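What follows is a single structure, written as structure tokens, with notes after it.
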Amino acid sequence: MTETDPMLPTEQGKPDPNDSAIEDLVACPTCDALYRLPNIPIGSRARCLRCHTVLTAPREGAMTRIAMLAGTSAILMIAAVFFPFLELTAAGMVQRSSVLDVVLVFADGPFVGLAVAVAALIVVLPLARFLSLIYVLAPMGLGWRPAPYAIAVFRMAERIRPWSMAEIFIVGVAVALIKVAGLASLSLGPAFWAFVALVLITAVKDNFMCRLTIWKTLEHRSQ
Amino acid sequence: MQIDDMENAGTPQPIITARAAGLVACPNCGRVHRHPAPARCARCGLALDPGPDKSLQRVLAWLVAGMIVYVPANIYPMLITNTFGHSSESTILEGVVELLQHGSYGVALIVFVASIIIPVIKFAAIGFLALSVRRQSILPPPARHKLYEIVEFIGRWSMIDVFVVAILAALVQLDFAATINPGIAAISFALSVAFTMLSAQSFDPKAIWAERDAAAS
Ligand SMILES: [Zn+2]
Ligand SMILES: [Zn+2]
């Protein structure tokens, strides 16, 4: 990946607050350093000079690709919820557990809150994020006007991001496997692999995502 | 690449912040606005500028809440196992010891790091970052910024043990000789992780650089 340095506004003189080109200025979202971003070529990346936060990293056809990857992840998530993800065999009995079972096991009792939280972190919030990204980015990728409330939906998708914990759940499954290894024999079901696939796809998708490009496109097309 | 020499103070072209240029920047999308700034960002609609003091109070409030619920998370049982009518309870630390006794050293390490090391480091790091905003800090801004990024990145991983308990309870049910149930610590631990995540999210990383920016202007 090529790195392109962002231009300091000082390279063109101190920015004038009354300058009509205020839309070309970008402040680092993390440290507030001000830059004038020239046309960053597609496929290259500009970072803040002092805190190294990525300011922009435009990619060819990124919005269409993100929308498609989010669609794939959403389908995998639905499959992962209903298919068994672990099979446990002990004393001649077989117990199949789906993600839904994990959530429902607490549904009656003092641990309802925990059940709701676990369901939210591993299924509801990741799924909400995939669907929001499709809703916002599919019209963008097709060159249409943004869908109604697209800006608010994308802001919500960004807020959800740290709370979407599918990848942490996978490590949890691995730890649980080892913990009950002495008690019973366990095997992984198809839903586990669906989960692994959707986590990998999410990582690829997030790598394509240039927030600044998306925000700018949303802003221009909304006008 | 001029990145390295740009980092030093006293570069020929010092970095100006949006604030120093008399502009109000959106911390979400980077859009800058002239004074008087609108209540909401013109591009992404985020409410602008809650005020630095208010954000610091929120950081500390969530941090203290996270530390308080972390105490019962360690004292009360995380997991209650019934085997042939015999019930045993284990706290987070006892769970790690059990794993060690079974010889699962790698997994014991994962659980120990996620449930004990990361939360403790996170409390210390957020506390340090929040308190060093107001005074001269021993760490320069780039190092503190790195610390902030690490805290933001690793904090969520503490949730592993909560998921492990949920999975075990779902798997090992009544129709077996053994049953596993979550203990009260599972709830307080999950709350502790959530509160510290909220604390880290409330922290405004601009504050790390603000002192240097104030000195420069
Ligand atoms: Zn920066
Ligand atoms: Zn904004």
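Quick notes on this structure:
- Candidates B:Val71, B:Ala125, B:Ala42 compared by Cα position along the dipole of chain B: farthest toward the positive end lies B:Ala42, with charges placed on Cβ.
- As a calculated quantity, the FRET efficiency between A:Ile75 and B:Glu149 at R0 = 45 Å, using C-beta atoms, amounts to about 0.85.
- Largest-first principal axis extents of the Cα set of the stretch A:95-223 (Å): 62, 31, 19
- Debye intensity ratio I(q)/I(0), log10, the stretch A:33-102, q values 0.12, 0.18 Å⁻¹ (C-alpha model): -0.61, -0.80
- Cα extents of chain B along the three principal axes, largest first (Å): 74, 36, 31
- Note on chain A: with a GNM built from Cα contacts shorter than 10 Å, the maximum mean-square fluctuation among A:Thr72, A:Thr64, A:Thr53 falls on A:Thr53.
- Inter-centroid distance (Cα atoms) of the stretch B:74-98 relative to the stretch B:133-149, Å: 40 Å
- Using every pair of separate Cα atoms, the Kirkwood estimate puts the hydrodynamic radius of chain A at 20.1 angstrom.
- In this label model, A:Leu104 and B:Ala42 are separated by 5.3 nm, measuring between points 7 Å along each Cα→Cβ vector.
- Taking 0.36 nm per residue of sequence separation and removing the Cα-Cα distance, the A:Arg96/A:Phe208 pair yields an extension gain of 36.7 nm.
- Applying the Karplus relation 6.51 cos²θ - 1.76 cosθ + 1.60 with θ = phi - 60° to the stretch B:78-86 yields 3J(HN,Hα) values of 8, 9, 10, 10, 10, 10, 6, x, 9 Hz, where x marks Gly and Pro.
- Placing +1 on the Cβ of every Lys and Arg and -1 on the Cβ of every Asp and Glu, with no other charges, gives the protein assembly as shown a dipole of roughly 940 debye about its Cα centre.
- Taking the centroid of alpha carbons for each part, the stretch A:67-145 and the stretch B:11-44 are 39 Å apart.
- Solution diffusion estimate, µm²/s, Stokes-Einstein, the protein assembly as shown, Kirkwood Rh from C-alpha pairs, 10 °C, viscosity 1.306 mPa s: 67 µm²/s
- Amide hydrogen proximity for A:Thr56: with H placed 1.01 Å from N in the peptide plane, the residues at 5 or more positions away or on another chain lying under 5 Å are A:Ala46.
- Here the stretch B:50-216 is assigned +1 on the Cβ of each Lys and Arg and -1 on the Cβ of each Asp and Glu. Its dipole about the Cα centre then comes out at about 700 debye.
- Rounded to two decimals, the Cα radius of gyration of the stretch B:95-217 over 2.2 N^0.38 Å is 1.40.
- Cβ-derived FRET efficiency at R0 35 Å, B:Leu60 paired with A:Ser187, nearest 0.05: 0.15
- Length gained when the stretch A:Thr64-A:Gln223 is fully extended (0.36 nm per residue, less Cα-Cα span): 55.1 nm
- Computed with a 1.4 Å probe over protein heavy atoms only, the accessible area of A:Glu23 comes to about 80 Å².
- Using θ = phi - 60° and Karplus 6.51 cos²θ - 1.76 cosθ + 1.60, couplings along the stretch A:141-146 (whole Hz; Gly, Pro as x): x, 7, x, 8, 6, x
- Pairwise FRET efficiency - B:Thr83 versus B:Tyr105, Cβ, R0 = 25 Å, nearest 0.05: 0.60
- Here A:Lys216 is the anchor, and the lysines within straight C-alpha reach of less than 29 Å, apart from those fewer than 8 places off in the same chain, are A:Lys14, A:Lys205, B:Lys146, B:Lys206.
- The relative contact order of chain A comes to 25 percent, based on Cα pairs under 8 Å that sit 6 or more residues apart.
- At q = 0.18 Å⁻¹, base-10 log of I(q)/I(0) for the stretch B:125-193 (Debye sum, equal scatterers on each alpha carbon): -0.76
- Value at 222 nm in deg cm²/dmol, rounded to 500, when DSSP H runs of n ≥ 4 in chain B each add -39,500 (n - 2.57): -17000 deg cm²/dmol
The values are calculated or read from the model by the stated rules, or taken from the named source; none is laboratory data. All figures in this text were calculated on a predicted structure; none of them were measured in a lab. Don't worry about glycine lacking a Cβ; one is built from the backbone with ideal geometry, like all the others, and counts go over all protein chains shown. The accessibility values were calculated without ligands, DNA or RNA, using every heavy atom of the protein model including side chains. Shrake-Rupley method; radii C 1.70, N 1.55, O 1.52, S 1.80 Å.
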